[in-house]
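Asks: Right, I'll just put the structure down here and ask away after.
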Amino acid sequence: MTTKNETGRSSCKSATQGTTTGKQCNSADAQRARLLAALEIAPVTTLEARRDLDIMMPAARIHELRHRLGKTIVTERVSRQTEAGNDHVVAMYVLMPDAQIDLFDVPVGGSA
């Protein structure tokens with residue numbers, strides 16, 4: 001019987017804790033946490049997520065953030081140049097602030 005470590009996959013104890021080798025954890029939970037932290041600072045493109053956050057399938061993590069965590073993330077199409085110098089249209093993800101309704105600001109009834 002093989003364990004996860006024998007298959008070459010790192011076993012992570014938590015989404016935010018790195019492995020004992022000093023490399024960052026690459027579980028889906030850890031990737032979601034890294035992506036959400038980055039989105040809270042600025043919009044993130046597919047290329048940036050892959051290069052800077054080590055997330056090879058950012059669209060899957062965005063889907064999970066939207067549907068599991070209820071985050072409102074807008075996808076825009078933008079033209080970006082790859083490290084090889086080629087232009088590509090890629091997704092740029094923008095985290096929208098959580099909608100909060102102040103019930104005291106909602107008008108009630110008619111005019112005075």
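Asks: Using alpha-carbon pairs under 8 Å, 6+ residues apart, how would you state the relative contact order of segment 24-97 in percent?
Replies: With pairs under 8 Å counted, the relative contact order is 33 percent.
Asks: Could you give each residue of segment 38-49 its phi-based ³J(HN,Hα) in whole Hz, using Karplus coefficients 6.51, -1.76, 1.60 with θ = phi - 60°, and x for Gly or Pro?
Replies: Ordered by residue, 3J(HN,Hα) equals 5, 5, 5, 8, 6, x, 10, 8, 4, 4, 5, 4 Hz.
Asks: Along Cα→Cβ, 7 Å out, is where each label goes; now give me the distance between the ones at GLU83 and MET56 in nm to one decimal.
Replies: 1.5 nm
Asks: Now for a different question. What net charge do the residues around HIS67 carry, taking every other residue with its C-beta under 14 Å from that of HIS67, with Lys and Arg at +1 and Asp and Glu at -1?
Replies: Around HIS67, the charge tally is +4.
Asks: Once phi is turned into ³J(HN,Hα) by the Karplus curve 6.51 cos²θ - 1.76 cosθ + 1.60 with θ = phi - 60°, what whole-Hz value does each residue of segment 57-69 show in order, with x for glycine and proline?
Replies: Result, ordered by residue: 10, x, 4, 5, 5, 5, 4, 5, 4, 5, 8, 8, 9 Hz.
Asks: In nm, give the distance between the simple-model label positions of ASP98 and GLU76, each being 7 Å from the Cα along the Cα-to-Cβ direction.
Replies: With each label point 7 Å from Cα toward Cβ, the separation is 2.4 nm.
Asks: Across segment 76-84, in residue order, what do the Karplus-derived ³J(HN,Hα) couplings come to in whole Hz, using 6.51 cos²θ - 1.76 cosθ + 1.60 with θ = phi - 60° and x for Gly and Pro?
Replies: Each residue's phi maps through the Karplus curve to give 10, 8, 9, 8, 9, 9, 7, 4, 7 Hz.
Bear in mind these aren't lab numbers, they're just calculated from the coordinates by the rules spelled out. Remember, it's a predicted structure, so these values are computed and weren't measured experimentally. Cβ sites come from the backbone with ideal geometry, for glycine too, and all protein chains shown count toward neighbours.
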